[in-house]
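J.: My structure is below; once you've seen it, I'll send some questions.
None of the figures in this text is laboratory data; all of them are computed from the coordinates on show. Because the structure is predicted, anything quoted here is derived from the model rather than measured. So basically every Cβ, Gly included, is an ideal-geometry build from the backbone, and we count neighbours across all protein chains shown.
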Amino acid sequence: MSHARVLWRYLAAPPDHHREGLLVVCGSYDLRVCDHACDLFERGHFDRLVITGRTGNWTRHLWSETEARVFAERARRHGLPDSSMLLETQATNFAENIRNVRLLVPSARKVTFVTKLNSIRRIIATAPIQWPDADVRADGPPIRFPDEVSNIVGVFGVIAEMVGDIDRLINYPAAGFQVPSDVPDDVLTSFRYLAGHGFDSHMLSPTA
């Protein structure tokens with residue numbers, strides 16, 4: 001578990017957000033991401049809330065609707081009217097989340113993406129490739145690891161997800177999918193340990 005905490009601390013880069021501009025919530029298995037986005041929206045001066053996501057590794061087996069539509073219903077329960085929301089229902093990964101929202105709202109320059117706390121670093125590494133002319137920040141709900149992770153995937157599921165995220169931060173820059181990230185030695189050590197002890201289900205395949 002100590003190795004998993006190392007990955008969590010690294011991937012949950014310091015959350016940051018604008019108080020205006022465009023607010024985007026990335027769909028996932030964790031509805032608390034939507035709750036956090038709604039709270040930011042209500043406290044800020046954002047133009048609109050864009051909800052993006054079709055299905056991913058977890059949610060294709062979880063819901064019959066797209067992540068965007070499930071999150072939109074959650075946002076309505078928070079009192080957000082449909083006129084404040086714009087849905088993007090095709091994205092299946094972070095690159096598509098960012099690129100598709102850019103196509104929907106190309107004029108946006110201050111953009112805050114709200115995602116799972118342990119996905120913040122992935123957003124920050126992907127945004128300069130997919131939306132280079134925007135000032136992109138990323139935020140997430142203040143979830144504590146391991147006590148407060150989603151019971152939908154559980155602690156072991158989140159660990160495997162984090163191992164996959166580190167794998168992408170290491171390998172995606174060479175493919176042009178992300179900008180290079182400075183991955184500290186202790187993070188690499190923990191990544192290799194966890195990958196070698198069975199938490200490799202979300203890693204890239206040799207041909208990816």
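J.: Any idea what the alpha-carbon Rg over 2.2 N^0.38 Å comes to for the range 89-160?
T.: So the range 89-160 has a normalised radius of gyration of 1.23.
J.: Dividing the alpha-carbon Rg of the chain by 2.2 N^0.38 Å yields what?
T.: Here the answer is 0.97, to two decimals.
J.: Which order do peptides 125-137, 173-185 fall in by mean Cβ count within 10 Å, highest first?
T.: In decreasing order of mean packing, 125-137, 173-185 become 125-137, 173-185.
J.: Per DSSP helix of 4 or more residues, -39500 (n - 2.57); summed, then divided by the residues of the chain. What does that give at 222 nm, rounded to the nearest 500?
T.: -13500 deg cm²/dmol
J.: Could you derive backbone 3J(HN,Hα) for the range 167-175 from the dihedral phi with the Karplus parameters 6.51, -1.76 and 1.60 (θ = phi - 60°), listing whole Hz in sequence and x where the residue is Gly or Pro?
T.: Taking θ as phi minus 60°, the curve returns 4, 6, 4, 6, 9, 5, x, 5, 8 Hz for the range 167-175.
J.: Please give the peptides 113-122, 96-105, 150-159 ranked by average Cβ packing (other Cβ atoms within 10 Å per residue), highest first, as a rough proxy for protection.
T.: Those peptides, ordered most packed to least, come out 113-122, 96-105, 150-159.
J.: Could you rank the peptides 28-34, 166-172 by their average count of other C-beta atoms within 10 Å per residue, with the highest value first?
T.: Final packing ranking: 28-34, 166-172.
J.: Let me check I've understood the local charge: for VAL153, count other residues with C-beta under 15 angstrom from its C-beta, Lys and Arg +1, Asp and Glu -1. What total comes out?
T.: It works out to a net charge of -3.
J.: Give me a comma-separated list of calculated 3J(HN,Hα) values for the range 36-51, in order, Karplus coefficients 6.51, -1.76, 1.60 applied at θ = phi - 60°, integers in Hz, x for any Gly or Pro.
T.: Once θ is set to phi - 60°, the couplings for the range 36-51 become 5, 4, 5, 5, 4, 4, 5, 8, x, 10, 7, 6, 6, 9, 9, 10 Hz.
J.: Output ³J(HN,Hα) for the range 63-68: one whole-Hz value per residue in order, computed from phi by the Karplus curve 6.51 cos²θ - 1.76 cosθ + 1.60 with θ = phi - 60°, and x for Gly and Pro.
T.: 10, 8, 9, 5, 4, 4
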